[in-house]
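The values are calculated or read from the model by the stated rules, or taken from the named source; none is laboratory data. This one's a predicted model, so the numbers in the text were calculated from it and none came from an experiment. Cβ placement follows ideal geometry from the backbone for every residue including glycine, while neighbour counts extend to all protein chains displayed. What goes into the accessible areas is simple: the full protein's heavy atoms, side chains included, and nothing from ligands, DNA or RNA. Shrake-Rupley method; radii C 1.70, N 1.55, O 1.52, S 1.80 Å.
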Amino acid sequence: MNTNNTVLKTEGLSKYYNPERPEEVRALRDVSIEINSRKITIISGPSGSGKTTLISILGAIDRPTGGHVFLHEEELTALSDEALALIRRNKIGFIFQDFNLLPRLSAWENVAYPLIPIVYKEKERKDRAVALLEMLGLGKRINHTSEEMSGGEQQRVSIARALVNNPEILIADEPSSNIDAKAIENLISILVDLKNKGMTIVLSTHDDAFYPYADVKINLKDGALIGIEHNNGGKI
Amino acid sequence: MLERHLNFLKVASENIIRYKGRSIVVVLCLVAILLPFITAIAISQGVKSQSLLSVEEGADIYLTYDQYGKNSAVPLSFIKEAQGIEGILKVVPRVIGRSFIGNYLTVVAGMPTDALPPSLSLEKGRIFKEENEVIIGASLARALNLDIGHSFTLDINKSRILKVSGIFSSKSSIWSADLVFASFNDAAEIFRMPGQASDLLVYTRPGYNARIAEVLSALHEGDKTQPIIRVQTKDLVRQYFNKGFTMKEGIFTALYTVAIAIAIPALLVVSGFGMGERRREIGIIKAIGWQTSEIIEVVFIENLLLSLTAAPMALLISFIWIKLFNGFLIAQFFIAEIGILPAFPVPARYMPLPLFLSFAFALVLTMVGSMYSTWRSAVTSPAVTMK
């Protein structure tokens, strides 16, 4: 079913590592899902179920071995690497599991980095980065490097970087795996706030703290889709 | 559009500072590779320039006899024969030979005072006047601790005690360094060549050179009792020098290019310094929306900046080494038999082409060392490179 609200869609998606070799790993097998706009969609499953692989493909960071991925009507699997980079630049913000901040840069420089090829004035880049960091409660940490910040702070820098280009979709991979309970609470309120502002959010997690806030929960096991749950006013 | 590239320029400069360790290693490697090249070519150019200066100051035609294919002495009686030829202004006899003073090899030249090179300038004393008086090069004086009024003998003829009447320096330091000038007669007696000259210096009217050379060459033609005359014009000598030096520099540059090509694998390893971190960062940058071409541009600019730093640095070190330390240690590799600390000012000229070449070398090396690995990292899926 492809509704008008569908932002991302996969058809028969598969991802095999070391295909046709004895050490072949089938990380995803024939996964077909739809992600609707302005919703929080959780991809859930135990370790090794293929959550990170699926979310990386949805975020245009990785390519599938088979199947198709569509962003609206555009087939991502048919795009060149350079076109995929533009998709990541303009339409998708990605929060990595281990944040992936550039270690030698300050918080604001990390946030502003995606803007370098498109916003030519450094002051403008810095203003945008600082505004986001302030919005996320990091106004006093803008000149600190990642080494000087806690896990929760690093994650907020990572969120700010993902948001700096005003993406349509925010994707987060295991966002609670490297932060404490208080930071998780803080993160949930940021995500809900962003959803309320109209952003589509996709996150992979097996942390049930997120489930009450999800509109849709996609369950994976051993790389296969085993169920989709919809939140119809209650909890998933 | 320009602002975009200026942005990348800024990022590249900041990267060079951020990756201090890597940048310093690359620049030092480049300097180590470029320094001998720049120095060798500068010394070669310096020697060439001084050689040509000597040629310009010299006679229009050099005349010797040819014996068994080698230069041999000319009888002074030949001067009269030559002087009658139209266009010849003067013919000056010269004796030139080599002799040790103890362990020190010197060149002894005997000629009339009015034929001495114009660039020669007396630092001390006066030109030789009396019998057995000589003038000596400043570096020879320093090396042998000789001063005005001091006496010495040449190993080739110890019976003649020579007296220093003057100490000179010359623009052509390399040729005048170990030189002893004496009167023609004294030199002829030192080398036991009475009535003969090593060669004749022929000065001609402008435009007559080639024709006179032909006439002189033909003087003994048909007379089998007379030796063959060997004539070398200034143009020919100039050509020999130019050809010789150009060939030497060309061979050196070619050998250096081969050496650099061989050194590239080593540099690849060196430039891999910090590459693991770099690869991961390229993955992150790619994942947040940078395109491969943008990453390549930044790395290209980084290499350009590193090369632009390394080439002038190598030039500066070479310059200081030659000018301030007179090529201590290094000059002996490029000028034979001058020792660790040269006794005369080592000639060196820094010309634009070799400098440009050294910059190009640096750029090629850094490009080869980094562009492929950067491109490989940039076209690999960020999911893989970020791991």
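A few points about this structure:
- Test item: A:78-89 mean partner chain Cβ contacts at 10 Å: 4
- The DSSP beta bridges internal to the stretch B:127-271 are antiparallel in roughly 55% of cases.
- Contact residues in the stretch B:275-307 (at least 20 Å² less accessible area with all protein chains than alone, 1.4 Å probe): B:Glu277, B:Arg280, B:Glu281, B:Ile284, B:Ile285, B:Lys286, B:Ala287, B:Ile288, B:Gly289, B:Trp290, B:Gln291, B:Glu294.
- All lysines inside 20 Å of B:Lys124 as judged from Cα atoms, apart from same-chain residues fewer than 8 positions distant: B:Lys163, B:Lys171
- Within straight-line reach of B:Lys70, meaning a Cα separation under 29 Å, sit the following lysines at least 8 residues removed in sequence or on another chain: B:Lys48, B:Lys80, B:Lys90, B:Lys158, B:Lys224, B:Lys234, B:Lys243, B:Lys248.
- Estimated FRET transfer efficiency (A:His230, A:Ala83; beta-carbon r; R0 25 Å; 0.05): 0.15
- At 1.567 mPa s and 4 °C, Stokes D of chain A from Kirkwood alpha-carbon radius, µm² per second: 71 µm²/s
- Kyte-Doolittle mean at least 0.5 and Cα axial length at least 27 Å: DSSP H helices in chain B: B:20-57, B:234-271, B:292-323, B:352-379
- Once both labels are positioned 7 Å from their Cα atoms along Cα-to-Cβ, the gap between B:Thr253 and B:Arg98 label points is 3.1 nm.
- Considering only A:Thr41, A:Thr145, A:Thr53, the Gaussian network model of chain A with Cα springs below 10 Å gives its largest mean-square fluctuation to A:Thr145.
- Eigenvalues of the alpha-carbon gyration tensor of the protein assembly as shown, scaled by 5 and square-rooted, set the equivalent ellipsoid semi-axes at 85, 24, 19 angstrom, largest first.
- For the options B:Gly244, B:Gly166, B:Gly289, a Gaussian network treatment of chain B with springs between C-alpha atoms closer than 10 Å singles out B:Gly289 as fluctuating the most.
- R0 of 51 Å, Cβ-Cβ distance B:Asp235-B:Met367: FRET efficiency to nearest 0.05: 0.70
- Heavy-atom accessible area ranking, 1.4 Å probe, most first, across B:Lys248, A:Lys126: B:Lys248, A:Lys126
- FRET efficiency for the A:Asp207 to B:Arg376 pair, using the beta carbon distance and R₀ = 35 Å, is estimated at 0.45.
- Heavy-atom accessible area with a 1.4 Å probe sorts B:Leu9, B:Leu140, A:Leu132, largest first, into B:Leu9, A:Leu132, B:Leu140.
- Taken over the stretch A:84-236, lysine pairs spaced eight or more positions apart, or on distinct chains, with alpha carbons under 21 Å apart number 11.
- Heavy-atom accessible area buried between chains A and B is around 2600 Å² (1.4 Å probe, both sides summed).
- Protein heavy-atom accessible surface, 1.4 Å probe, per residue over the stretch B:74-197: 47 Å².
- Selected from A:Pro114, A:Pro103, A:Pro22 as most flexible by GNM, with chain A as the system and alpha-carbon contacts under 10 Å: A:Pro22
- Cα Rg, Dmax, the stretch B:74-197, angstrom units: 14.7, 48
- Centre-to-centre, using Cα atoms only, the stretch A:79-118 and the stretch B:23-55 are separated by 45 Å.
- Surface share of carbon and sulfur [accessible, 1.4 angstrom probe, percent] for the protein assembly as shown: 57 percent
- Tilt relative to chain A, helix A:122-135 - C-alpha long axis, 0 to 90 degrees, to 10: 70 degrees
- Reduction of at least 50 Å² in accessible surface, 1.4 Å probe, comparing all protein chains with the chain by itself, residues of the stretch A:100-130: A:Asn100, A:Leu102, A:Arg104, A:Tyr113, A:Ile116, A:Pro117, A:Tyr120
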